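Following: one structure in structure tokens, then a few remarks.
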Amino acid sequence: MSFVPIPYHTDTTLTSLSSSVIPMARSRREITVDIPVHVSPSVFTSQEMAVDGAHDQLHSRSAMSVVAHVDSDGLLLYVSQASYEEGTSPLSCWIPNKLITEHPEPSSDRDGPLDLFQRLVQRRILGNLGGLSAQDSMDM
């Protein structure tokens with residue numbers, strides 16, 4: 001078993017969120033997965049003898065590499081220098097990539113939570129460029 005690394009970003013400035021973190025949260029990743037393959041001989045030859053335990057040694061084990069395409073399901077924001085306890089916390093926030101409804105609609109025009117988050121980040125960037133104070137941009 002192996003674990004797939006998850007991208008971790010320490011630069012959470014608005015420009016970094018807009019230019020790299022949010023696009024990465026929308027992207028598809030290619031992950032190479034090694035699948036164990038168990039190969040056994042179909043028939044013993046006349047020179048081979050099936051001895052207790054020896055039969056298992058005749059099986060060869062190898063791995064087949066397969067590329068899997070994995071879509072991101074969202075973005076996790078959290079305060080890394082805090083201690084967490086089970087339950088709801090204002091120190092972390094999960095932003096799903098897509099809006100999940102009980103009855104999926106084939107052509108939904110509604111934006112997902114990540115779309116809304118991206119618009120809020122863009123609005124904050126434009127507000128900071130337009131000369132709004134930090135408090136004004138927080139109220140957006």
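How much length would be gained if the chain were fully extended between THR12 and ARG28, taking 0.36 nm per residue of separation minus their Cα-Cα distance, in nm to one decimal? Numbers along the way, then the final one.
On the way: separation 16, 0.36 × 16 = 5.76 nm, distance 2.11 nm.
Length gained, THR12 through ARG28: 3.6 nm.
Can you check what the net charge comes to around HIS69, using other residues whose Cβ is under 13 Å from the Cβ of HIS69 (Lys, Arg +1; Asp, Glu -1)?
Result for the local shell: 0.
Would you mind calculating the gained length between ALA82 and LEU99 on full extension (0.36 nm times residue separation, minus the Cα-Cα distance), in nm to one decimal?
Extra length available between ALA82 and LEU99 comes to 3.2 nm.
Rule-based calculations on the coordinates, nothing more; no lab input. Every value quoted in this text rests on a predicted model; they were computed, and no experiment measured them. Reconstructed Cβ throughout: ideal geometry from the backbone, glycine too, with neighbour counts over all protein chains shown.
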